[in-house]
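Data first, discussion second: the structure below is written as structure tokens.
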Amino acid sequence: MKWKEQLLGLHAYQPGRTIDEVKREFNLEKIVKLASNENPFGSSPHVTEELKKVDGSFALYPDGYATNLRHALAEFLQVSPSELVLGNGSDDLILMISRALLAPGRNTVMASHTFGQYKHNAIVDGAEVREVPLTEKGEHNLPAMLEVMDENTSVVWVCSPNNPTGTYNSESSLVEFLKQVPEDVLVVLDEAYYEYVVAEDYYDALELVKQFHNLIVLRTFSKIYGLAAFRVGYGVASESLIQTLEPIREPFNVNTLGQIATQAAISDQDFVKSCSIKNREGLTQLYSFCEEHGLTYFPSQTNFILIDFKVDGNEVFQYLMKHGYIVRSGVPLGFPTSVRITIGSKEENEGLLNVLTTFLQEKAAAI
Ligand SMILES: *Cc1c(COP(=O)(O)O)cnc(C)c1O
């Protein structure tokens, strides 16, 4: 068949191991999954309440414009409903942007290493991918990204805070960058972890959208809101940018239950705040552990931490899995001696750190 040539070298997304699989393989009773940056505290009780009221009219298509959710979100963010685009997760928005702007003969600029979906979609759409190494601090090297752009660049991706390093770009560096990107190049600012950020020199991305009409900000209900199962993300940009992007969107891309669940979740910002606070406490637990054991890590603005164990990341990953903790090996993420660990509840973090302590002791004894 006449497949696009670039598809032949691609692999399907490798989802993390499921809890059931790991339980069976290692004969474990309890598994703690700290692999996909999901919220260990679940989601707001408002969501469960609203879902209980769902009446079962499942034969009907969803509201394609997600009217109620859109208005609730617009009010919450203090933007106009016409400045929003909704996606089946922010993955869907990344795909839409790629389809709209990337093609053979064009190129796209991103960090290395960052969230894998930017590159994946760019390859599918046949664009050249220009990757710029992160700085030593794990941050996007924005000046170097400017340098590799040329007249064929159509999209530049900025993941801040960045997955998998958890680091961010300061307001001054981002604004400087935005001022220099040509107006006909789309800047995608992926803020999947926005609600976890505590850094003081962080920017207000929605204010930047008002100043820079070539900027789109992506956020999601999958992380701090704890609604990954529903697949809802959103983009904020100028009205004319959204209008041009909208025809790419599948007509019913956000499902009915997802619209109900996320609208309810927006109304419970106390839940979001309390998760952010508990996450900071969890991060502190992991920082202390790293310092105690002389392990290096990137200070994180997210609900995960990338720790360098100075051994094969797959080995740490396997060891933790055998003991009931699923994390992400740094190997496929571009950090071969690290693992990426989602911050869990206090008890989950304690359990994980106990296993890691034993691991480090066994390693030390083996030398
Ligand atoms: C998790 C994640 C996403 C995808 O989120 P969905 O809304 O669940 O598709 C996007 N970007 C980054 C950086 C992420 O970590």
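The values are calculated or read from the model by the stated rules, or taken from the named source; none is laboratory data. Here the structure is a predicted model, which is why all the values come from computation and not from measurement. Cβ placement follows ideal geometry from the backbone for every residue including glycine, while neighbour counts extend to all protein chains displayed. Side chains are part of the model used for accessible areas, which takes the heavy atoms of the whole protein and leaves out ligands, DNA and RNA. Shrake-Rupley method; radii C 1.70, N 1.55, O 1.52, S 1.80 Å.
Data table
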| read-out | value |
| --- | --- |
| Failed item in (1) over 24 Å from the mean Cα position of the chain (by Cα); (2) open to solvent by 60 Å² or more (accessible area, probe 1.4 Å); (3) closer than 25 Å to Leu356 by Cα, with Glu38 passing the rest | (1) |
| Counted residues, the stretch 105-151 - those being open to solvent by 60 Å² or more (accessible area, probe 1.4 Å), more than 16 Å from the ligand (Cβ to nearest atom) and charged (D, E, K, R) | 6 |
| Test for Leu257: is it away from the ligand (no atom under 16 Å from the Cβ), surrounded by fewer than 23 Cβ atoms within 10 Å (Cβ to Cβ) and part of a helix (DSSP H, G or I) | no |
| Residues satisfying the stated conditions in the stretch 324-340, i.e. open to solvent by 30 Å² or more (accessible area, probe 1.4 Å) and free of Cβ contacts under 8 Å to residues at least 60 places away in the same chain | Val331, Pro336, Thr337 |
| Checking Asp312 against (1) within 22 Å of Phe335 (Cα to Cα); (2) under 22 Å from the mean Cα position of the chain (by Cα); (3) not β-branched (Val, Ile, Thr), the condition it does not meet | (2) |
| Checklist (1) open to solvent by less than 50 Å² (accessible area, probe 1.4 Å); (2) closer than 25 Å to Glu29 by Cβ; (3) assigned to a helix (DSSP H, G or I) applied to Asn279, failing item | (2) |
| Residue selected from the stretch 290-309 under the condition more than 30 Å from Thr220 (Cα to Cα) and surrounded by 14 or more Cβ atoms within 10 Å (Cβ to Cβ), by the criterion farthest from the chain's Cα centre (by Cα) | His293 |
| Filter pass, Asp268 being more than 17 Å from the chain's Cα centre (by Cα), under 16 Å from Tyr196 (Cα atoms) and in contact (Cβ under 8 Å) with a residue 24 or more places away in the chain | yes |
| Residues within the stretch 152-170 that are more than 19 Å from Val198 (Cβ to Cβ) and more than 16 Å from the ligand (Cβ to nearest atom), tallied | 3 |
| Subset of the stretch 91-102 (residues that are open to solvent by 30 Å² or more (accessible area, probe 1.4 Å) and away from the ligand (no atom under 12 Å from the Cβ)) | Arg99, Ala100, Leu101 |
| Among the residues listed as Glu183, Glu195, the single one being part of a loop (DSSP other than H, G, I, E, B), open to solvent by 20 Å² or more (accessible area, probe 1.4 Å) and either in contact (Cβ under 8 Å) with a residue 60 or more places away in the chain or among the acidic types (Asp, Glu) (or both) | Glu183 |
| Condition check for Ser173: within 23 Å of Val236 (Cβ to Cβ) and away from the ligand (no atom under 14 Å from the Cβ) | yes |
| Set Pro251, Pro247: member being farther than 19 Å from Asn37 by Cβ and not in a helix (DSSP H, G or I) | Pro251 |
| Residue among Glu25, Glu29, Glu21 that alone is away from the ligand (no atom under 15 Å from the Cβ), modelled with pLDDT under 95 and in contact with a Lys or Arg (Cβ under 8 Å, 6 or more places away or on another chain) | Glu29 |
| The stretch 61-90 - residue that is more than 16 Å from the ligand (Cβ to nearest atom) and of a type in the set (Gly, Ala, Ser) and, of those, least open to solvent (accessible area, probe 1.4 Å) | Ala74 |
| Of residues in the stretch 214-226 being more than 13 Å from the chain's Cα centre (by Cα) and open to solvent by less than 10 Å² (accessible area, probe 1.4 Å), the one farthest from the ligand (Cβ to nearest atom) | Leu215 |
| From the options Ala265, Ala365, Ala261, residue that is of a type outside the set (S, T, N, Q) and over 26 Å from Tyr225 (Cβ atoms) | Ala365 |
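Table: residues versus (1) assigned to a helix (DSSP H, G or I); (2) at pLDDT below 95; (3) on the phi > 0 side of the Ramachandran plot.
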| site | (1), (2), (3) |
| --- | --- |
| Tyr287 | yes, no, no |
| Ile307 | no, no, no |
| Lys310 | no, no, yes |
| Tyr319 | yes, no, no |
| Pro336 | no, no, no |
| Ile341 | no, no, no |
| Glu347 | yes, no, no |
| Thr357 | yes, no, no |
| Ala364 | yes, yes, no |
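One line per residue, one yes/no per condition, for (1) outside the structural domain of Lys52 (by the TED database); (2) polar (S, T, N, Q); (3) more than 30 Å from Arg99 (Cβ to Cβ); (4) touching a residue at least 60 places away in the same chain (Cβ under 8 Å):
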| position | (1), (2), (3), (4) |
| --- | --- |
| Gly226 | no, no, no, yes |
| Val232 | no, no, no, yes |
| Glu239 | no, no, no, yes |
| Gln259 | no, yes, no, yes |
| Leu283 | yes, no, yes, yes |
| Glu292 | yes, no, yes, no |
| Tyr297 | yes, no, yes, no |
